[in-house]
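Written out below as structure tokens is the structure these notes cover.
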Amino acid sequence: MPQISLYIDEKTLRKIEKAAKAEKKSISKWVSSKIKSSLENKWPKDYFNLFGSIKDPSFNEPDDLKEKTNLKRESL
């Protein structure tokens, strides 16, 4: 398996060591998992460009609900 060398400051290393210990992983496995998850495509391409793209008058932000519209809750 290929290896990577990292140059990192002491403060960050201590944080990494603490996080790896909390997850019961070696530093290598912890860093590897973080790198892999950061490279995953979490959102489809141009997902955030879709906001506001629908031109339909029925897609409106609802008015704030009034407290009087809340139903009474059953006492326990």
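The values are calculated or read from the model by the stated rules, or taken from the named source; none is laboratory data. Predicted model, so just to flag it, every value in this text is computed and none were measured. Counting neighbours? That spans all protein chains shown, and the Cβs are built from the backbone with ideal geometry, glycine included.
Specify the residue that is surrounded by the most Cβ atoms within 10 Å (Cβ to Cβ); the eligible residues are those in the stretch 1-59 that are among the aromatic types (F, W, Y) and part of a helix (DSSP H, G or I).
Looking at residues that are among the aromatic types (F, W, Y) and part of a helix (DSSP H, G or I), I get W30.
Being in contact with a helix residue (DSSP H, G or I) (Cβ under 9 Å, 6 or more places away or on another chain) and of a type in the set (K, R) narrows it down to one of K29, K24, K72, so name that one.
Going through K29, K24, K72 in turn, just one is in contact with a helix residue (DSSP H, G or I) (Cβ under 9 Å, 6 or more places away or on another chain) and of a type in the set (K, R): K29.
Taking T69 as the residue in question, decide whether it is among the hydroxyl-bearing types (S, T, Y) and at pLDDT 85 or above.
Against the criterion (among the hydroxyl-bearing types (S, T, Y) and at pLDDT 85 or above), T69 does not qualify.
Pairs under 7 Å by beta carbon, first residue modelled with pLDDT of 90 or more in the stretch 27-46, partner loosely packed, with under 13 Cβ neighbours inside 10 Å, six or more apart or different chains?
Final answer for the pair search is I27/E17; W30/E23.
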